[in-house]
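The next block holds one structure in the form of structure tokens; read it before the comments.
The values are calculated or read from the model by the stated rules, or taken from the named source; none is laboratory data. In this text, all values refer to a predicted model and were calculated from it rather than measured experimentally. Every residue, glycine as well, gets a Cβ built from its backbone with ideal geometry; the counts of neighbours run over all protein chains shown.
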Amino acid sequence: MTLLVVGLSHRSAPVEVLERVAVSCADVLEQVLGGEHVVEALVLSTCSRFEVYAEVTTFHGGLADITDVLERRSALAADELFEHLYVHCAQAGVEHLFTVAAGLDSMVIGEPQILGQLRTSYAQAEQAGTLGRALHEVAQQALRVGKRVRTETGIATAGPSVVSEALAAAADVLGGGDLAGLAGRQALLIGVGSMGALAAAHLRRAGVAGIVVANRTEAAAQRLAALCVAEGTPARAVGLAGVTAALPTVDVVVCCAGGSEAVLRVDQFAGGSAPLVICDLGLPRNVEPDVGSVSGLTLLDLGAIARRAEQHGIGSDALERARRLVAQEVRDHLAARRTAEVTPTVAALRRRASEVVEAELRRLDGQLPGLDADVRAELARTVRRVVGKLLHPPTVRVKQLAESGAGVAYAEALRELFALDPQSPAVLAGTQD
């Protein structure tokens, strides 16, 4: 089996294509795993990427299984979809996953949200039963790599988040220059998930005069509004039905609601609008694109935020340290995986040798039934010691070669020479010792 990554991100596709592919992870997991060549699967879906990680039996078969699902779900023609897809296999797939977990492929380099999103994707795949040993190990290692990069390189403190970039862009439009430009402004927040909670925190720190919190479930909006009030920022909650009435009273809107239907439409701005900035952080988009044509209104979607983020890189030293750490972690993971691939062969060889030794000792007992027990024990120790010394160099060497990538061929030669079956239950049980 091999790791295959198929995906789209802000780097490869415009927002309108990304939102066509951004579908239910649970549905995609079930359909991808139904493919003939896919054995394990995990889906990572964020506001700026949609990726399928899979263990596949063949590259081309697995790629066809995954892209067939994406074509059906997105209703995009194959040519149009492939224009924006990227594909990584084996080592390149591991490197991509670790780079994503480290925040080095994010819209805002170093942003911390991706690690939580990957953890959520892992939990969803685990709950759906689509994880096996291979994806479990590489996903867990990716989570450790992401945490280590943030702890050891300072990259998390060097870079902002998608939310802070969006609000900084809004402040620029309103004439403030940075988040402090939102001080004294009125804000409307639509959506109270993890991104909504982060937006509320940034708005409070920016010193806005008040926040209207809207959500499909008004009770959830009330909880976040209460938290804002407890932190010293006036806030009130409304359902989505109250959004239209709230729009004329605010200066900035942050949309990060889930769902596939727009929550802000052109007809909600009849007659134009006072100066207003709307940050659409939803994928699929929360705001109808035509809203951007309303007089007095500025619409900032994920594409605009991505372009702004490219102009605000983090320090080169922190970035280089993070890249080196990821590269080392990739090498270590691949070496461990290759060693694990030859371990059953090594165990099978040792078990075969042990079986031969025991058979010969039984034959000795039959030929010399009166042999002194101490002599017999010494003979047994000597034979086992000789066999152990003969096996030591090839078994150590095959593991060393595995780390450099040459061990698989060596292990195959051992299996042929000694007629080994590394998949036998007895051997697999032995590798767990």
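Taken over the stretch 230-271, the criterion of being of a type in the set (D, E, K, R) and in contact (Cβ under 8 Å) with a residue 40 or more places away in the chain is satisfied by Asp251 alone. Across the stretch 187-224, the number of residues qualifying as within 24 Å of Thr120 (Cβ to Cβ), among the charged types (D, E, K, R) and without any contact (Cβ under 8 Å) to a residue 24 or more places away in the chain comes to 0. Scanning the stretch 104-119 for residues that are in contact (Cβ under 8 Å) with a residue 60 or more places away in the chain and out of contact with any Lys or Arg (no Cβ under 7 Å at 6 or more places or on another chain) yields a count of 10.
Looking at Glu137, is it of a type in the set (Asp, Glu), in a helix (DSSP H, G or I) and more than 19 Å from Glu51 (Cα to Cα)? No; evaluated as a whole, the condition is false for this residue. In the stretch 249-266, what residues are modelled with pLDDT of 90 or more and out of contact with any strand residue (DSSP E or B) (no Cβ under 9 Å at 6 or more places or on another chain)? If the condition is that a residue be modelled with pLDDT of 90 or more and out of contact with any strand residue (DSSP E or B) (no Cβ under 9 Å at 6 or more places or on another chain), then Val266 is the only one that fits.
Being in the same structural domain as Ser9 (by TED's automatic domain parsing), out of contact with any strand residue (DSSP E or B) (no Cβ under 8 Å at 6 or more places or on another chain), under 23 Å from Ser12 (Cα atoms) and of a type in the set (Ser, Thr, Tyr) is true of Thr99.
Can you name every residue in the stretch 318-346 that is at pLDDT below 90 and either farther than 19 Å from Ala134 by Cβ or over 36 Å from the mean Cα position of the chain (by Cα) (or both)? Spell out the reasoning first.
To start, the set of residues in the stretch 318-346 that are at pLDDT below 90 comprises 318-322, 331-346.
Once the filter is applied, which keeps residues that are at pLDDT below 90 and either farther than 19 Å from Ala134 by Cβ or over 36 Å from the mean Cα position of the chain (by Cα) (or both), the stretch 318-346 yields Ala318, Leu319, Glu320, Arg321, Ala322, Val346.
Residues that are touching a His at 6+ places or on another chain (Cβ under 9 Å) and among the hydroxyl-bearing types (Ser, Thr, Tyr) were ranked within the stretch 67-123; the one that is farthest from Ile305 (Cα to Cα) is Tyr122.
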